[in-house]
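Undergrad: Sharing a structure below in structure tokens format, with a few things to ask.
The values are calculated or read from the model by the stated rules, or taken from the named source; none is laboratory data. Everything numeric here is computed off the predicted structure, so don't read it as measured data. Counting neighbours? That spans all protein chains shown, and the Cβs are built from the backbone with ideal geometry, glycine included.
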There are 2 protein chains.
Amino acid sequence: MPDNRSYVDGARVLADLNALRGIGAYKTGVHKPTLSEPHMQSLQWLAQRLPAAGLDAEIDGIGNVLGTSTKPGPKLLAGSHLESQNYAGWLDGPLGVIYALEAARVINAEPEANGTVEVAAWCDEEGHFGSFLGSRSYVGALTEADIDAARDRSSGRSMRDALRDIGLAGRPRATAERGRHVGYLEAHIEQGQTLESGGLAIGVVTSIVGIWQYRITFEGEQNHAGTTRMDVRRDAGLALARFCVEIDERFPRSCGPRTVWTTGRITLDPGAPSIIPGRAEMLFQIRDDEPDVINRLEALLRDMAAETSARGRCTVAVERIRTGTPALMNAAFQQAIEAACVVRAGGRSIRMPSGAGHDAQVLATIMPAGMLFVPSIGGVSHHWSENTEDADIVTGAEVFVDTCRRLLAG
Amino acid sequence: MPDNRSYVDGARVLADLNALRGIGAYKTGVHKPTLSEPHMQSLQWLAQRLPAAGLDAEIDGIGNVLGTSTKPGPKLLAGSHLESQNYAGWLDGPLGVIYALEAARVINAEPEANGTVEVAAWCDEEGHFGSFLGSRSYVGALTEADIDAARDRSSGRSMRDALRDIGLAGRPRATAERGRHVGYLEAHIEQGQTLESGGLAIGVVTSIVGIWQYRITFEGEQNHAGTTRMDVRRDAGLALARFCVEIDERFPRSCGPRTVWTTGRITLDPGAPSIIPGRAEMLFQIRDDEPDVINRLEALLRDMAAETSARGRCTVAVERIRTGTPALMNAAFQQAIEAACVVRAGGRSIRMPSGAGHDAQVLATIMPAGMLFVPSIGGVSHHWSENTEDADIVTGAEVFVDTCRRLLAG
């Protein structure tokens, strides 16, 4: 391994990231929802730069950008995404895409290179229309009916209309050629403070948690808030509040060391100040990298619902609306990232799970996959103030490109 | 007192109520929001019928209908409202207006009558744009600035725009002439089951509860639902749920025998399934007819908020956004209703407070006021299935007209 080579152009990496920040800028971050005008401009920006990295560019029928090569030899796929959450940060997504672009520019131009880096930007990792629609399309896990049903969670606009308006309707969808790639590598900001607080440069991802999501619905009796005595009320909102508190008390006794759970949305129906809510609904999420833990917690959730219903005031229904199998990252990929970090960043790495979902979990279903994290200032994520020190961005790029070389060398 | 007179035309009362049900009909009820087209049609319907009751009709600049007389002698004001809650019942409001119209038709035509019944339909008792805007305008407790600020709670449309679109902009607002009336009488369905379950015909209202309303806001820290460990979270939604449960546990130890409290709306911010809510808000209401009880409960609420804030995870702010002083109904009015019930309904009456707010509480600030209730099937209220037996409606009208005669006789 020629460990003394680098050729990573740190200034070029930072300039590219700032160019993408300039498209759909919002304060120091970006507002670039999936298939919005600034998202499409970002895809075109990337497609225009891929030929200089020795790749043929294509924007496919679901909004993925793919840079592919016809050269023989081993190929590594690398990438991330270019859309953002609403009014969010500049690095969540673009960092991994620009690292992949830089790796392709450096490695694909080396006469002595062992193979080729191919680049991908997956559409809608941020879930405006669904769950990992772009990468799922690429691995063959997305049907035309899934696309027909997809709607923007903010505006309600259908994905078909969005694809048509942006000029992508009717294009073929790119799909993975089995055996083409030695694997998939993705970089991302950490979205937590482990690296920053430990003075570390690189997080070596061991697994990506599964996300299970539930709609929990409480049915009571809607009534007048002035004329209905407290002792005869069947208040669905109060039943929901009790359920949230009970989760907080009982889950810690059954969870794993890294389990997290969140009630992100609560709706009372009809939601008027003078009406006792007859119906209430909460969106509830559990994340863990152990399916056994999730299964145990889901059973607990259903037991709690049955106990509440049995008390007679309100009935509770638990509906699972999203299932995400935890994804293990490939062991050889983890070793390659650690070895690259020894050479490029003084070995300042730590193995850690990813609490957030990433396209790597989808790619991992059809090929070896790995992920590395770079530090995030204050652990801020999904907010326009999200940031990483320039020096950490460049160090991450060095480790990323070195890792690509090691993986292509096999 | 010529107790053997009646002249109430039960069929006419039922026909009028059904005519109003036909304007803005929804299932067996009505959808007649304040200043909507069907509401305005209902106001015009009433205005057209007032001359036959010996009254001059006026629709004023806030959407009140007033039927007034130039005859000398004592005058009693009677009425209720014609708009409805959204997709609600046919009697909540119209019953009291048609009883008042019937009383005017019967009494104002009697040569030997002791005085005149004047009729009012107060705009927006149901609070689409505010709180008792019509009756408050009449008693002189509503400024032009209040109207400028009023917006439809569903659509956000300003009241000024709504008044202009319906053709009422620029009209003068009718205001009470002090000393003109011996008092104000209003009838309403009970919105509870006390009368029905007791086999009673008439509820004699002793007081109307005060409604205090609060916005309770929880501030925590918005964060990623996957990457933020449970032990460092500052989840504003969970703090809110704990607060609701704590209210339910601590209020019963400080409340009065008839106090009710309700959390009608909960909002988590940003309300996304993968984001820990950084901010949460609840609309909370307390009703009682004892100001001391309300004051004690508000103090408890503020203590609880301070205790939660002191625990350090989330801060809680309690903001009172509505204050309603309890209103006592006039003793002589209560006696007149009871005496009329002895003659017209076999004395099947009971004294009871009103847990719901009514325009009578506003009129009570400037003149003696009284209210009577008729039974409501199943106690259903603010729902399109709200209903009362025809026989109970007619009996209520007999008692109402008889009460008017007694009050005019002094």
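Undergrad: How many residues are closer than 13 Å to B:Asn86 by Cβ and surrounded by fewer than 24 Cβ atoms within 10 Å (Cβ to Cβ) when one looks only at segment B:30-43?
TA: The qualifying residues number 3.
Undergrad: Among the candidates A:Ala187, A:Ala241, A:Ala176, single out the residue that is more than 11 Å from chain B (Cβ to nearest Cβ) and surrounded by 22 or more Cβ atoms within 10 Å (Cβ to Cβ).
TA: Only one candidate qualifies: A:Ala187.
Undergrad: Moving on. Do any residues in segment B:221-243 that are farther than 15 Å from B:Thr315 by Cβ and touching a residue at least 24 places away in the same chain (Cβ under 8 Å) have Cβ atoms under 6 Å from those of residues that are part of a helix (DSSP H, G or I) and of a type outside the set (S, T, N, Q), where the two are at least six apart or on different chains, and which pairs are they?
TA: Partner pairs satisfying both residue conditions: none exist.
Undergrad: Of the numbered conditions (1) assigned to a helix (DSSP H, G or I); (2) more than 7 Å from chain B (Cβ to nearest Cβ), A:Asp248 satisfies every one except a single condition; which is it?
TA: (2)
Undergrad: What's the total number of residues in segment A:212-234 that are part of a strand (DSSP E or B) and either facing chain B (nearest Cβ under 8 Å) or hydroxyl-bearing (Ser, Thr, Tyr) (or both)?
TA: Qualifying residue count, segment A:212-234: 5.
Undergrad: Could you please give the count of residues in segment B:344-365 that are among the β-branched types (Val, Ile, Thr) and part of a helix (DSSP H, G or I)?
TA: 1
Undergrad: With the structure loaded, tell me whether A:Ala336 is in a helix (DSSP H, G or I), of a type in the set (Gly, Ala, Ser) and in the same structural domain as A:Ser84 (by TED's automatic domain parsing) or whether it fails that test.
TA: Judged against the criteria, A:Ala336 is a match.
Undergrad: Say we look at segment B:251-267 and pick out the residues that are touching a residue at least 40 places away in the same chain (Cβ under 8 Å) and of a type outside the set (Ser, Thr, Tyr); which of these is nearest to the other protein chains (Cβ to nearest Cβ)?
TA: B:Val260
Undergrad: Still on this structure: Among the listed residues B:Glu126, B:Glu102, which satisfies the condition of being within 30 Å of B:Thr28 (Cβ to Cβ), surrounded by fewer than 24 Cβ atoms within 10 Å (Cβ to Cβ), within 22 Å of the chain's Cα centre (by Cα) and not aromatic (Phe, Trp, Tyr)?
TA: Matching residue, one of B:Glu126, B:Glu102: B:Glu126.
Undergrad: Okay, moving on. Quick one: B:Asp288 ticks every box in (1) at the interface with another protein chain (Cβ under 10 Å from one of its Cβ atoms); (2) surrounded by 21 or more Cβ atoms within 10 Å (Cβ to Cβ); (3) out of contact with any Leu (no Cβ under 7 Å at 6 or more places or on another chain) except a single one, so which number is it?
TA: (1)
Undergrad: Limited to segment A:192-211, what total is found for residues that are within 11 Å of another protein chain (Cβ to nearest Cβ) and surrounded by fewer than 23 Cβ atoms within 10 Å (Cβ to Cβ)?
TA: So the count comes out to 3.
Quick grid of which residues meet (1) of a type in the set (D, E, K, R); (2) farther than 21 Å from A:Ile216 by Cα; (3) within 13 Å of chain B (Cβ to nearest Cβ); (4) in contact (Cβ under 8 Å) with a residue 40 or more places away in the chain:
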site	(1), (2), (3), (4)
A:Asp269	yes, no, yes, yes
A:Ala306	no, no, no, no
A:Thr323	no, no, no, yes
A:Asn330	no, yes, no, yes
A:Gln334	no, yes, no, yes
A:Glu338	yes, yes, no, yes
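Undergrad: Could you run through segment B:19-36 and say how many residues are without any contact (Cβ under 8 Å) to a residue 24 or more places away in the chain and either among the aliphatic types (A, V, I, L, M) or assigned to a helix (DSSP H, G or I) (or both)?
TA: Here the count works out to 2.
Undergrad: Still on this structure, I have one more. Mind counting the residues in segment A:366-392 that are assigned to a loop (DSSP other than H, G, I, E, B), of a type in the set (Val, Ile, Thr) and either at pLDDT 95 or above or in contact with a Ser or Thr (Cβ under 6 Å, 6 or more places away or on another chain) (or both)?
TA: Residues flagged as assigned to a loop (DSSP other than H, G, I, E, B), of a type in the set (Val, Ile, Thr) and either at pLDDT 95 or above or in contact with a Ser or Thr (Cβ under 6 Å, 6 or more places away or on another chain) (or both) within segment A:366-392 amount to 2.
Undergrad: Looking at segment A:299-317 only, could you name the residues that are buried (at least 16 other Cβ atoms within 10 Å of the Cβ), under 22 Å from A:Ser254 (Cα atoms) and touching a strand residue (DSSP E or B) at 6+ places or on another chain (Cβ under 7 Å)?
TA: A:Leu301, A:Ala305, A:Thr308, A:Ser309, A:Val316
Undergrad: Look through B:Val401, B:Val318 and report the one residue that is in a helix (DSSP H, G or I) and away from chain A (no Cβ under 14 Å).
TA: Exactly one of B:Val401, B:Val318 is in a helix (DSSP H, G or I) and away from chain A (no Cβ under 14 Å), namely B:Val401.
Undergrad: Oh, and also: On the basis of being in contact (Cβ under 8 Å) with a residue 12 or more places away in the chain and assigned by TED's automatic domain parsing to the domain that holds B:Ile393, does B:Val316 make the cut?
TA: So B:Val316 fails the test.
Undergrad: Is one or more of the residues making up segment B:53-70 part of a helix (DSSP H, G or I) and either assigned by TED's automatic domain parsing to the domain that holds B:Arg180 or not basic (Lys, Arg) (or both)?
TA: yes
Undergrad: Conditions first: (1) buried (at least 16 other Cβ atoms within 10 Å of the Cβ); (2) over 18 Å from B:Leu240 (Cβ atoms); (3) of a type outside the set (A, V, I, L, M, F, W, C); (4) more than 8 Å from every other protein chain (Cβ to nearest Cβ). B:Ser274 passes all but one, so which condition is the exception?
TA: Of everything listed in (1) buried (at least 16 other Cβ atoms within 10 Å of the Cβ); (2) over 18 Å from B:Leu240 (Cβ atoms); (3) of a type outside the set (A, V, I, L, M, F, W, C); (4) more than 8 Å from every other protein chain (Cβ to nearest Cβ), B:Ser274 misses just condition (4).
Undergrad: For the condition part of a loop (DSSP other than H, G, I, E, B) and either closer than 30 Å to B:Ala241 by Cβ or outside the structural domain of A:Met282 (by TED's automatic domain parsing) (or both), what is the one hit in A:Gly192, A:Gly203, A:Gly237?
TA: One residue alone meets the criteria, A:Gly192.
Undergrad: Which residues, counting only those in segment A:361-393, are more than 14 Å from chain B (Cβ to nearest Cβ), in contact (Cβ under 8 Å) with a residue 12 or more places away in the chain, out of contact with any helix residue (DSSP H, G or I) (no Cβ under 8 Å at 6 or more places or on another chain) and not charged (D, E, K, R)?
TA: Hits for segment A:361-393 are A:Ala364, A:Thr365, A:Ile366, A:Met367.
Undergrad: Within the group B:Leu142, B:Leu133, which residue is assigned by TED's automatic domain parsing to the domain that holds B:Leu20 and surrounded by 24 or more Cβ atoms within 10 Å (Cβ to Cβ)?
TA: One residue alone meets the criteria, B:Leu133.
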